[in-house]
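Below: one structure, written as structure tokens.
What follows draws every value from the coordinates through simple rules; no lab data is involved. This one's a predicted model, so the numbers in the text were calculated from it and none came from an experiment. In this analysis, Cβ positions are derived from the backbone assuming ideal geometry, glycine residues included, and neighbour counts consider all displayed protein chains.
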Amino acid sequence: MLPDHLQQRLAAVQRPLAPRGRYAPSPTGPQHLGNLRTALLSWLITRLQGGEWLLRIDDLDTPRNRPGAEAAILADLTWLGLSWDGPPLRQSERRGLYATVLSSLRRTGCLYPCRCSRRMLADISAPHGAAAVYPGLCRDKPPAWGPQQGRLPSWRLALQPGGLTWEERLGPPGRLDACQHVGDVVLRRADGFLAYHLATAVDELLLGITDVVRGADLWAATAPQVAVIDRLGGTPPRYWHLPLWCDATGQRLSKREQATGLEPLRQQGLDGPAVVGLLAASLDLVPPGSRLSPQELQQQWGLEALQQRLSHPAKA
Ligand code: GLU
């Protein structure tokens, strides 16, 4: 499936893994409080297992990157008292790796070129904007990879029929039917960009990530990523999809409220421990108004109790 040197790397990480987590922000602008809360929880869940915590910058989608955003992310995390292991990893510097994996998938016949336009797919998509499952229109056509009428095809992964399953630590196990619910995933876009699901799946696998902690809004991204990991012969990590940020009455915060970054809080005179307290209190991990460092939060919790609390937040 993979070239030998990658197969060896995969074999090296497939032995019982030491716990390893990652925080994977996109450098598209300032981090809002929801992002920072995810970072804190990802750090906490990893450190409670004695694991390494990596910082991965998801900067493949270059038109959306903002100058200075990466430096601001690093500065915000440091200001909160969170430290990561090793240098930050940038997906933009790992393009060669993703391209190698993509070519080996293509060589083994798992991919096919797709020329369906967005408009065409929108026309056949489910009503009410529900995410469309690609019905495989180009699957059985003769594979023509070159440009036609000046346009290149996207490259889709042909999913094997059957169930895709993964471990969810904060909810029922992930279980979706590949053909009915997921559909063939685009791994290389028609504009030549490597797809985010490919990069993420390759990274989780080859970096030996055991615990992916992220917002529940990314739940839907899990099945396509698990599908790629499966195809590469790997085992998916455990997923912790955190509840979305709610106010005291259990209402999801509006985009505007969530969007508040650290700056207004600093201007109100809050320091790192006060903001860690605020982030942790929003999930009922500490009483409102607490001031504490990430390490002090770690001392107050065990992994199982934390998992229980996050699965059944008292305020929800
Ligand atoms: N980079 C993606 C984002 O910031 C999230 C990645 C993830 O945690 O899987 O939305």
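Out of Thr108, Thr46, Thr28, any idea which swings most in a Gaussian network model of the chain, alpha carbons joined below 10 Å? Taking springs between Cα atoms under 10 Å, the residue moving most is Thr108. Computed extension length for Leu244-Trp79: 57.1 nm, one decimal, from 0.36 nm per residue of separation with the Cα-Cα distance subtracted. Among Gly68, Gly34, Gly51, the residue with the largest mean-square fluctuation in a Gaussian network model of the chain, with springs joining Cα atoms closer than 10 Å, is Gly68.
From Cα pairs below 8 angstrom and at least 6 apart in sequence, can you work out the relative contact order of the chain, rounded to a whole percent? Write out the running numbers ahead of the final one.
On the way: 502 pairs, mean separation 65.9, N = 316.
This gives 21 percent for the chain.
Test of the criteria: in the stretch 106-207, which chymotrypsin sites (Phe, Trp or Tyr not before Pro) are in a DSSP loop and have at most 10 other Cβ atoms within 10 angstrom of their Cβ? Could you put the intermediate results ahead of the total?
Numbers: sites: Trp145, Trp155, Trp166, Phe193, Tyr196; in loops: Trp145, Phe193.
Of the chymotrypsin sites (Phe, Trp or Tyr not before Pro), not one in the loops of the stretch 106-207 has a Cβ with at most 10 other Cβ atoms within 10 Å.
Charges only on Cβ, +1 for Lys and Arg, -1 for Asp and Glu: so what's the dipole of the chain about the Cα centre, in debye to the nearest 20? Can you show the working numbers first?
On the way: 35 positive and 28 negative charges, 172 e Å.
It comes to approximately 820 debye.
Return the FRET efficiency for the residue pair Ala216, Gln298: r is the Cβ-Cβ distance, R0 is 22 Å, and the value is rounded to the nearest 0.05. Efficiency for this residue pair is about 0.40. In the chain, the ratio of gyration radius to Kirkwood radius, Rg to Rh, stands at 0.98 when only Cα atoms are counted. Taken along the Cα-to-beta-carbon direction at a fixed 7 Å, the label points for Asp284 and Thr260 span 2.2 nm. Quick one: compute the contact order of the stretch 110-252, relative version, from alpha carbon pairs under 8 angstrom and 6+ residues apart, as a percent. Once normalised by length, the contact order is 22 percent. Going toward the positive end of the dipole of the chain, with +1 on Lys and Arg Cβ and -1 on Asp and Glu Cβ, which of Ile229, Trp301, Leu82 do you reach last? Looking along the dipole axis, the top candidate is Ile229. Distance distribution P(r), the stretch 131-249, all Cα-Cα pairs, bin width 10 angstrom from 0: 12, 40, 31, 13, 3, 1 percent.
Its DSSP H runs of at least 4 residues, each contributing -39,500 (n - 2.57), put the calculated 222 nm mean residue ellipticity of the chain at -11000 deg cm²/dmol, to the nearest 500. For the chain, modelled as a GNM with alpha-carbon contacts under 10 angstrom, which of Ser282, Ser117, Ser290 fluctuates the most? Maximum among the listed residues: Ser117.
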